[in-house]
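Here the structure comes first, spelled out in C-alpha cells, and everything after it is commentary.
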Amino acid sequence: MRIWYTMTESDTALRCEAPVIRIGRQSAAEIRFDRDFISRNHAEIREEAGRFLIEDLGSDNGTFVNGREIAGPTALRQGDCVRFGDPGPEIRIDRLEPSEEKGQLEEPVATAEAPASKEASPPIESPPPFTPKPESEPAGNDKPFGAQTPGRPKSVPGTTGPLDNIARKRLVYLACAVVAAVVLLAVFFPRGEEPLSRLFQRVDPATVKIHATRTDGQRGSGSGFFIDRRGWLVTNFHVVLGASRVDVELYDGTRIPAEGVIATSPIEDLAILKVKPPDGSVPVLPLCRNPDVPPPVGTPVCVIGYPLGLGKSLTSGTVSSHMLGRDFRRWLREQDAEDDNPLVALHLRDNMIWIQTDAAVLEGNSGGPLLNRRGEVLGVTTWGMSDHRLGTINFASAARHLKRLIEDADGRVRPLADLTPGGGN
C-alpha cells in the first residue's frame, strides 16, 4: 500500500509505502511525529477489501478525519484531512494505491448516472473551416515550424498547435514559481502565526480559573489549563498550596471540583490536578515542539489567565530573556529582598529555567499558560516583580519542567493532602 500525503503545517509533500502504515511517536512508525501529545502508537492506515481504512489505536488525544473524531475503522479517501490530537499535526491525503498496482493511478469508479465504458466512441469534433491551400506552400511535413495557414486563426478550439504548447509551458513555469515561493515562505517563515483574537477563541476552552480553599478557611484564586483529555489540569503549586478543596471554573462558567492530585513538584512550583470532564473529555493545549529548548529571545508570546481574580484576559509581548534559579536568588540577595519573596519559601531549584517576558502578569495569572502564536505551551506563568527603577518583570517556568513532570506521572489520583510543601515528588 502506498500513500502520498502533504503536511499541512509546512505544505510538505511526502510518500510512504508499507503493508500497514503506523502513525505515532515511536521511532518505528512509518509516519512519525516527535510531539508529547502524540501517542507512541497513535493510529494506523491499512487496506481491507479494496478500501483504505484508518483506525485510532487508543491514543490519548484522538484522531480526527475532516474535523470529526473517529471511534472505529473509518474509510479514507483522496482529499481527506487527518489530524492527530486536538489541536495537533494534520496531513492531507493526496493519493492512495494498493501495493499490487505498481505505479498505476486509481481508476475512476463508474456510477449509475455516468457508466464507464472502454468501448465508448470518442467525441466528434467539427473540423476547422476549409481554406484553399496556395500552390507555393510546402506540402506535408515540409511546412516550416510555426507557419500559419492563410485565413486560419492562430488557435482553433479543440486543437493543439505550437502556440498552444508555448502558452501551456508558460502556465507550468508560472505555477512552479508560485509553488517555489510558497515553499520558501514556509521554510523561512514557519511560525504559522494567527491573529490574537482567533488564537484566544481557540485556546479559551482549554484555560480555567482555579478557586482554592485552604485548611484555615482562607481562599485564593489562580489560573490553569488542561494538558490531557482525561482531565489533567496544570497550575502552579503555590496556587493550591495547603488547599483542602479546589474548584475549577470552566470557560462557560461551570464549576467542577478537583478529584485529586496526579503529580506535584514544589521545587519547580508545578502541580497537575485531576478533574472529571463533564462531557467525557476536555480540550487541551499542546506543549511546544521542542520543550527542552527555551524559546529564542524575541519570540512573540501571550499570557492567558485571570489577573486579580477578574475575568479571563490575554496580554501579549515577547520573550525578553532567560534566567536560572541561582541567578534569581543571587539578584534577590543583592537587593536585600530574599526574605520578602514568597517563592523563596518553596526552595525552587537553582538550575530551573525561567522565561522572562514583557507580557503583563498580575496576581491571579499564576498557573496560566505562556503560549506562542501557534497556541503551544512554552511555559507556565509563575511570578512577576515590580521595581520602581525597571518597572515590572514577569517570569514563567520553562515547558521542559512540565514535560518531565508529565512523563514521570504514573496516572494515579492522590488526595489533595499532597498539596503541602513536603507532598509530591
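Quick notes on this one:
- Under the condition of being more than 17 Å from Glu90 (Cβ to Cβ) and over 21 Å from the mean Cα position of the chain (by Cα), the residues counted in region 1-30 number 8.
- Qualifying residues in region 55-94 (those that are of a type in the set (Gly, Ala, Ser) and buried (at least 18 other Cβ atoms within 10 Å of the Cβ)) - the one farthest from the chain's Cα centre (by Cα): Ser59
- Picking from residues in region 257-276 that are assigned to a strand (DSSP E or B) and charged (D, E, K, R), the one that is farthest from Phe226 (Cα to Cα) is Glu259.
- Filtering Thr254, Thr315 for residues that are at pLDDT below 95, surrounded by fewer than 19 Cβ atoms within 10 Å (Cβ to Cβ) and more than 14 Å from Val380 (Cβ to Cβ) leaves a single hit, Thr254.
- With a requirement of 1 or more residues that are at pLDDT below 90, over 29 Å from Arg230 (Cα atoms) and touching a helix residue (DSSP H, G or I) at 6+ places or on another chain (Cβ under 7 Å), none of the strands (runs of 3 or more DSSP E) lying completely within region 1-106 satisfies it.
- Verdict on Ile70 being in contact with a Phe, Trp or Tyr (Cβ under 8 Å, 6 or more places away or on another chain) and farther than 20 Å from Ala18 by Cα: yes
- Taken over region 19-31, the criterion of being out of contact with any strand residue (DSSP E or B) (no Cβ under 6 Å at 6 or more places or on another chain) and within 16 Å of Arg2 (Cα to Cα) is satisfied by Pro19 alone.
- Number of residues in region 31-53 that are closer than 19 Å to Pro73 by Cβ, surrounded by fewer than 21 Cβ atoms within 10 Å (Cβ to Cβ) and within 20 Å of the chain's Cα centre (by Cα): the value is 1.
- Matching residues, region 174-210, being exposed (fewer than 10 other Cβ atoms within 10 Å of the Cβ), at pLDDT below 85 and outside any helix (DSSP H, G or I): Phe189
- Residues that are under 21 Å from the mean Cα position of the chain (by Cα) and basic (Lys, Arg), drawn from region 392-413: Arg400, Lys403, Arg404
- Residue tally, condition of a type in the set (Asp, Glu) and buried (at least 17 other Cβ atoms within 10 Å of the Cβ), over region 359-376: 1
- Just one of the listed residues (Thr213, Thr149) is surrounded by 12 or more Cβ atoms within 10 Å (Cβ to Cβ), among the polar types (S, T, N, Q) and at pLDDT 90 or above, and it is Thr213.
- Options Pro277, Pro342, Pro307, Pro296; residue that is surrounded by fewer than 18 Cβ atoms within 10 Å (Cβ to Cβ), within 29 Å of Gln201 (Cα to Cα) and modelled with pLDDT under 90: Pro277
- Members of region 295-310 that are within 22 Å of the chain's Cα centre (by Cα) and in contact (Cβ under 8 Å) with a residue 40 or more places away in the chain: Pro295, Thr299, Pro300, Val301, Cys302, Val303, Ile304, Gly305
The values are calculated or read from the model by the stated rules, or taken from the named source; none is laboratory data. As the structure is a prediction and not an experimental result, all values here were calculated from the model. All Cβ positions, glycine included, derive from the backbone under ideal geometry; neighbour counts span all protein chains shown.
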